[in-house]
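Student: I have a structure I would like to understand better, so I am pasting it below and will then ask my questions one at a time.
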Amino acid sequence: MKTQTNSPRERLSKMRLRLWLRLLKTQNAIEGEIRRRLRDQFGSTLPRFDVMSALSRFPDGLKMSEISSLLKVSNGNVTGIVDRLTQDGFVLRVAVPEDRRAQLVRLTPSGEKAFASQAEAHEQWLDEMFESQKPEDIDAFCRILEGITDHLEEKGAQIDAQ
């Protein structure tokens, strides 16, 4: 029978595991609340918000493959979302002259207006969710997270740039 030693290294490993689980629980709670509010206040979804957000950063448009690459989702997922956004009048598809198979997707003026409202609400929601945090704690936490990201990149991990 193996005895439990609880060496300093084992305790640190358990602390790191608890940190990961706490980060995951917090992220899931925040994401769940954002999903609920998008649904309740805008009749929308987080994936639709994400696609519109990507398109808002590229007013000249993006190819479907570029959207899926930015969002780290499959082309099939993006196609369904873009189809529905097109039906709702929020995006349009424009042929790419040099590539008959490709289309650029752009926000319409209606889509720009809808996204601006959602983005403003999104920022307010996050401001509200983090209002209990002091500015210096937010700065410290951002530095800690950046340190983790830097360490992972040094180890060769692929990090999303979102």
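Student: For region 22-57, what are the residues that are assigned to a loop (DSSP other than H, G, I, E, B) and either modelled with pLDDT under 95 or within 16 Å of the chain's Cα centre (by Cα) (or both)?
Tutor: Within region 22-57, the first condition is being assigned to a loop (DSSP other than H, G, I, E, B), and the residues that meet it are 43-45, 57.
44, 45, 57 - these are the residues of region 22-57 that are assigned to a loop (DSSP other than H, G, I, E, B) and either modelled with pLDDT under 95 or within 16 Å of the chain's Cα centre (by Cα) (or both).
Student: Given the structure, is residue 157 of a type in the set (A, V, I, L, M, F, W, C), outside any strand (DSSP E or B), farther than 29 Å from residue 38 by Cα and touching a Ser or Thr at 6+ places or on another chain (Cβ under 9 Å)? Steps first, answer last, please.
Tutor: Values: of a type in the set (A, V, I, L, M, F, W, C): yes; outside any strand (DSSP E or B): yes; farther than 29 Å from residue 38 by Cα: yes; touching a Ser or Thr at 6+ places or on another chain (Cβ under 9 Å): yes.
Taking the combined requirement at face value, the residue satisfies it.
Student: Could I ask something else about it? Which residue out of 110, 132 is out of contact with any strand residue (DSSP E or B) (no Cβ under 8 Å at 6 or more places or on another chain), in a helix (DSSP H, G or I), of a type outside the set (A, V, I, L, M) and modelled with pLDDT of 95 or more? Full working, then the answer.
Tutor: Values: 132 fails: in a helix (DSSP H, G or I).
Unique residue meeting the criteria: 110.
Student: In region 41-97, which residues are of a type in the set (S, T, N, Q) and over 15 Å from residue 116 (Cβ atoms)? Quick ask: steps written out before the conclusion?
Tutor: Narrowing region 41-97 to residues of a type in the set (S, T, N, Q): 41, 44-45, 53, 56, 65, 68-69, 74-75, 77, 79, 86-87.
Once the filter is applied, which keeps residues that are of a type in the set (S, T, N, Q) and over 15 Å from residue 116 (Cβ atoms), region 41-97 yields 45, 65, 68, 69, 74, 75, 77, 79, 86, 87.
Student: Still on this structure, please answer the following. Taking the conditions exactly as written (under 14 Å from residue 91 (Cα atoms) and in a helix (DSSP H, G or I)), does residue 80 satisfy them or not? Don't jump to the end; show me each part of the working.
Tutor: On the way: under 14 Å from residue 91 (Cα atoms): yes; in a helix (DSSP H, G or I): yes.
Here the answer is yes, as residue 80 does meet what is asked.
Student: Would you be able to say whether some residue in region 85-105 is exposed (fewer than 12 other Cβ atoms within 10 Å of the Cβ), assigned to a helix (DSSP H, G or I) and modelled with pLDDT of 95 or more?
Tutor: yes
Student: Additional query: Of 90, 49, which residue is closer than 20 Å to residue 127 by Cα and in contact (Cβ under 8 Å) with a residue 12 or more places away in the chain?
Tutor: 49
The values are calculated or read from the model by the stated rules, or taken from the named source; none is laboratory data. Everything quoted here is computed from the prediction, not taken from an experiment. Neighbour counts are summed over all protein chains in view; Cβ atoms, including those assigned to glycine, are modelled from backbone coordinates with ideal geometry.
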